[in-house]
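Worksheet: the structure to be examined is printed underneath.
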Amino acid sequence: MIIIIGGGPAGMMAAIRGAENDKVLLIEQNEKLGKKLFITGKGRCNLCNDCDDELFFDSLHRNGRFMYSSYYSFPSYSLQSFFQSGGVPLKVERGQRVFPVSDKSSDIIRRLEKELKNRQVNISLNTKVSKIKKTSDGFYVETDRGPFYGDKVVVATGGMTYKNTGSTGDGYRWAKAFDINVVKPVAGLVGLKADIPFRDSLQGLSLKNVELFARTEEDTYSEFGEMLITHYGISGPIVLSMSSRINRENKVDLWIDLKPVLTKEKLNERLIREVNENSNKEIHTILKSMAPKSLVEPLLSLARIEAALPAHQLTVDMRENLVKSFKYFPLTYRGLFEENTGIVTTGGVDVSELNPSTMESRKISGLYFCGEVIDVDGPTGGFNLQIAFSTGYLAGMSASKEEA
């Protein structure tokens, strides 16, 4: 028998695949399966991404190459087919993000539960695992409902964010107990705390088609798209993706390019044209056609230009400073938002400790890890659920009697 610990997407898929060839017990500490899955994508469940294979691997933030075997064992088209053939029609939205047509994550969970039932998977809810021990002929799993014995164990306990959904980091503790290395878990896809010029007047401002830059001691990263200025700093799609790149850094230089599609030269030409066509207007009035109203004062302040300055009095130096304000709007990095607000956990079971072709521990025969508990993660857009489903599928297949 295979014992699978954790009833999230990775654990459920591992159970479904494992039950093709073996008896399976799925243990979940919550009162229902898929508790975190239910709230993903604001309840809509961004199931996966419809991008091509190479883009999938290139998009992952950490250890993308480790995913080759698991992804090809259960790629995006197979995942989509699993749900559509089971009565859950899907749709592809902007950024090739795949959602159920109903926009209801509950439909995704019901499909998984139905397949678990069809495969006769035994499910033990409200069951808290406290310890896993290797025995001479398998594993002993200690729980608050008594012990369970299995030939193989699959750990699919998730990360450590959204603790109210059951992600309490137990899998890391069990891995360490087996002397399996765990890369320090840190919140990923999380907002960034930052000091922002004129933050009070900018709070709530949504910026589209901007580019966020982050420079660390080793590299410079950029993300293009949408972001939001909040009371504590910045959030939104490009900020979340950026956070997973810099969440282990102490010193980070942050800035926003508010006009990334224009070079400095083109932006300078645009300013010259605007000034020539509106030479008698005050400069703050002209800028309202180039930036959100609430950004005008901060831009002028950074450029050391009086808001009431007549446009025809704008000097070359002033114009250069204004271009710089648009292209380099500075933020002072202060760290991550609260750990529990991270959409995923980065870090986890060191992938060098696992066989990528099976998800089995290299040290402990018969022990498998899959999903968010391992050190692989990607951006928003369905990539992290694909990681969970693919690694879960491979772990279940490998742990079952059929060889992977």
If packing is taken as the mean number of other Cβ atoms within 10 Å per residue, what is the order of 39-49, 55-65, highest first?
-> 39-49, 55-65
Dipole-positive endmost among Cys48, Tyr328, Asn268 within the chain (Cβ charges, Cα centre) = Cys48
Of the listed pairs Lys23/Lys134; Lys104/Lys251; Lys35/Lys327, those with alpha carbons more than 31 Å apart are Lys104/Lys251; Lys35/Lys327
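Can you compute the helix-only [θ] at 222 nm over the chain? Use -39500 (n - 2.57) per DSSP H run of at least 4 residues, normalise by all residues, nearest 500 deg cm²/dmol.
My calculation for the chain gives -9500 deg cm²/dmol from helical runs alone.
Considering only the chain, what is the antiparallel percent among its DSSP beta bridges, to the nearest 5? The partial results should precede the final answer.
Working: 51 of 67 bridges.
Of all bridge pairs located within the chain, approximately 75 percent are antiparallel.
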Any chance you could give the angle, 0 to 90 degrees and rounded to 10, that helix 264-277 forms with the longest Cα principal axis of the chain?
-> 40 degrees
Longest principal axis of the chain (C-alpha) makes with the long axis of helix 293-302 (C-alpha) an angle, in degrees to the nearest 10, of 70 degrees
Treating cross-link reach as a plain straight distance, find the aspartates and glutamates whose alpha-carbon is under 13 Å from the alpha-carbon of Lys288, omitting any fewer than eight places away in the same chain.
-> Glu274, Glu297
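What does the convex hull of the Cα atoms of region 331-404 come to per residue, in Å³, rounded to a whole number? Could you put the intermediate results ahead of the total?
On the way: hull volume 8.3 nm³, N = 74.
Here the figure is 112 Å³ per residue.
Which net charge results for the neighbourhood of Asp50, defined as the other residues with beta-carbon distances under 12 angstrom from its beta-carbon, given Lys and Arg at +1 and Asp and Glu at -1? Walk me through the numbers before you get to the answer.
Details: positive: Lys91, Arg94, Arg97; negative: Asp52, Asp53, Glu93.
It works out to a net charge of 0.
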Shape of region 264-329, Cα gyration tensor, a/c cut at 1.5 = rounded
Alpha carbon centroid spacing (whole Å) that separates region 320-377 from region 1-66 = 17 Å
Amide H to amide H, which residues 5 or more places from Leu336 or on other chains are under 5 Å from it, using H placed in the peptide plane?
-> Lys193
On the first, second and third principal axes, largest extent first, how far apart are the outermost C-alpha atoms of region 191-260 in Å?
-> 33, 22, 17
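Do the alpha carbons of any pairs in Lys117/Lys176; Lys131/Lys163; Lys91/Lys266; Lys42/Lys131; Lys36/Lys259; Lys42/Lys264 sit beyond 30 Å of each other, and which pairs?
Working: Lys117/Lys176 33 Å; Lys131/Lys163 19 Å; Lys91/Lys266 39 Å; Lys42/Lys131 33 Å; Lys36/Lys259 37 Å; Lys42/Lys264 38 Å.
Long pairs (Cα-Cα over 30 Å): Lys117/Lys176; Lys91/Lys266; Lys42/Lys131; Lys36/Lys259; Lys42/Lys264.
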Where the centre of each part is set by its Cα atoms, how far does region 263-282 sit from region 145-172, in angstrom?
-> 60 Å
Taking +1 at the Cβ of each Lys and Arg and -1 at the Cβ of each Asp and Glu, which of Gly87, Trp255, Val186 sits farthest along the dipole of the chain towards its positive end, judged by Cα position relative to the Cα centre?
-> Gly87
Which peptide among 373-386, 174-187 comes first, and what is the full order, when sorted by highest mean count of other Cβ atoms within 10 Å?
-> 373-386, 174-187
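Arranged from highest to lowest average of other beta-carbon atoms within 10 Å per residue, in what order do the peptides 322-331, 287-296 appear? Intermediate results must be reported in sequence, preceding the final value.
Values: 322-331: 20.0, 287-296: 16.0.
Descending packing order for the listed peptides: 322-331, 287-296.
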Might you report the magnitude of the Cβ-based charge dipole of region 264-329 about its Cα centre, with Lys and Arg at +1 and Asp and Glu at -1, to the nearest 20 debye?
-> 220 debye
Helix axis angle, 105-118 relative to the chain longest principal axis, alpha carbon, degrees = 20 degrees
Pull up the DSSP beta bridges for region 1-156 and report the antiparallel fraction as a percent, rounded to 5.
-> 60 percent
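DSSP loop GluC sites (Glu not before Pro) in region 1-81 with at most 15 other Cβ atoms within 10 Å of their Cβ, which ones?
Working: sites: Glu20, Glu28, Glu31, Glu54; in loops: Glu20, Glu28, Glu31.
Sparse-neighbourhood loop GluC sites (Glu not before Pro): Glu20, Glu31.
Rule-based calculations on the coordinates, nothing more; no lab input. This one's a predicted model, so the numbers in the text were calculated from it and none came from an experiment. Virtual Cβ from ideal backbone geometry, glycine too; neighbours counted across all protein chains shown.
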